[in-house]
Amino acid sequence: MRKPRSTLITTAGMAFAAVLGLLFALAGPSAGRAEAAAGGIHVSNGRVLEGNGSVFVMRGVNHAYTWYPDRTGSIADIAAKGANTVRVVLSSGGRWTKTSASEVSALIGQCKANKVICVLEVHDTTGYGEDGAATSLDQAADYWVSVKSALEGQEDYVVVNIGNEPFGNTNYTAWTDATKSAIGKLRGAGLDHALMVDAPNWGQDWSGTMRSNAASVFASDPDRNTVFSVHMYGVYDTAAEVRDYLNAFVGSGLPIVVGEFGDQHSDGNPDEDAIMATAQSLGVGYLGWSWSGNGGGVEYLDMVNGFDPNSLTSWGNRIFYGSNGIAATSRTATVYGGGGGSTGGTAPNGYPYCVNGGASDPDGDGWGWENSRSCVVRGSAADH
């Protein structure tokens, strides 16, 4: 069975994680920067929006397609649990069988048929610089250009996640230039989709490399349409670490999602409650790892047993039906006729939900202020 991933963190890395917020300050994007043109999923003022301007907050699941291409019903099963997004594992051919353009088209079709947004990612880059089998972000960019025909015209439905966890704990300082170069290659080839970029350090950014350089990476994208993704496992084992990291991006007007996380891991015990609650209060997307098929000692990360949607694990039950879970907080994209997040909806007490979550609530009491009236932060103490 495929050992899907490794997020082993060095001792020095764990020490860094403990003081991450004190060591790194994130410089915000320059005032007056150009925003991505409306049309398709795009970034504006640090938020992910649909083409019509509706706020879109990802609530979804990772699915290991490239190792289980026969599990053709998984996207439908995930959607049926309430997810509005599926992050789909693909291969550029460097480590596993290349996912062809026709397969990419079919996967996009499945996402559209089941009314979920597709985040498509190349997994071959995992741990580059530390894992000798991993491929570079430049090679991943070449893959995306090679399947451009399957992606064109799908900007409303697809986010291109250039490469999974593109650096390990070796030579990770190269992440900034490599990421800028990959973005430039995709834009130069005419790909206009929202792009997602994963952090180094096996996605966890314990070094603060992505956090410190996100503003310059964002500014390097001529479309200003790049979303940052952090993977939260053992490095994020306290609520303070979770809040510090996510607030740094939100407070600086930079788009961030939690692209992977679990409720336990071999490198430490992530605080999934804090991850989900903080993401909800800030209006930040999250994508749990993963639907099914984990091996190599991390089978506990499966949300369902044996790809059976009727056999939820404790992790699956938590992420779908627990506090701040997918079933309660997911909103179908408006491109599929969902309510979206343009107004945020209405809380049970009759007040509107805050579109910008905790960013509109500086004192943290659950009450914010938007559009000249009070609003409620979804999932807060005021949400009743």
Relative contact order in percent for the chain (Cα pairs under 8 Å, 6+ apart) equals 19 percent
If we sort 296-306, 242-252 on the protection proxy, mean other Cβ atoms within 10 Å, highest first, what's the order? 242-252, 296-306
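Looking at the range 114-175, which chymotrypsin sites (Phe, Trp or Tyr not before Pro) are in a loop (DSSP not H, G, I, E or B) and have at most 11 other Cβ atoms within 10 Å?
none
To the nearest 20 debye, what charge dipole does the chain have about its Cα centre, counting +1 at the Cβ of each Lys and Arg and -1 at the Cβ of each Asp and Glu? Write out the running numbers ahead of the final one.
Details: 24 positive and 38 negative charges, 126 e Å.
That gives a dipole near 600 debye.
Based on DSSP H runs of at least 4 residues, each adding -39500 (n - 2.57), what is the mean residue ellipticity at 222 nm of the chain after dividing by all its residues, to the nearest 500 deg cm²/dmol?
-8000 deg cm²/dmol
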Percent accessible area from carbon and sulfur atoms, the chain, protein chains only, probe 1.4 Å: 49 percent
What ranking, highest mean first, results for peptides 90-97, 112-119 when packing means the other Cβ atoms within 10 Å averaged over each residue? 112-119, 90-97
Per the C-alpha gyration tensor (a ≥ b ≥ c, the square roots of its eigenvalues), the chain is rounded if a/c is under 1.5, else prolate if a/b beats b/c, else oblate; here it's rounded
Subtracting the Cα-Cα distance of Ser314 and Ser266 from 0.36 nm times their residue separation yields 15.6 nm
21 Å Cα-Cα reach of Lys185 towards lysines, excluding residues that sit fewer than 8 places from it in its own chain: Lys98, Lys148
Using per-residue counts of other Cβ atoms within 10 Å, averaged over each peptide, order 221-229, 184-192 from highest down. 221-229, 184-192
Which value in nm describes the separation of the simple spin-label points at Asn171 and Ser216, placed 7 Å from the Cα toward the beta carbon? 1.9 nm
Which residue, Asn349, Asn161, Asn269, has the most motion in a Gaussian network model of the chain that connects Cα atoms within less than 10 Å? Asn349
Given an 8 Å cut-off on Cα distances and at least 6 residues of separation, report the relative contact order of the range 197-253 as a percent. 41 percent
So how far, in whole Å, is the C-alpha centre of the range 194-245 from the one of the range 129-175? 15 Å
Around Tyr351, with a cut-off of 15 angstrom between Cβ atoms, what is the net charge of the other residues, counting Lys and Arg +1 and Asp and Glu -1? -2
Can you give the net charge of the other residues whose Cβ lies under 14 Å from the Cβ of Thr173, counting K and R as +1 and D and E as -1? -1
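The values are calculated or read from the model by the stated rules, or taken from the named source; none is laboratory data. Model, not experiment: these values are computed from the prediction. Methodologically, a virtual Cβ is constructed for each residue, glycine included, from the backbone with ideal geometry; neighbour enumeration extends over all protein chains shown. Accessible surface is based on the protein model in full, side chains and every heavy atom, while ligands, DNA and RNA are left aside. Shrake-Rupley method; radii C 1.70, N 1.55, O 1.52, S 1.80 Å.
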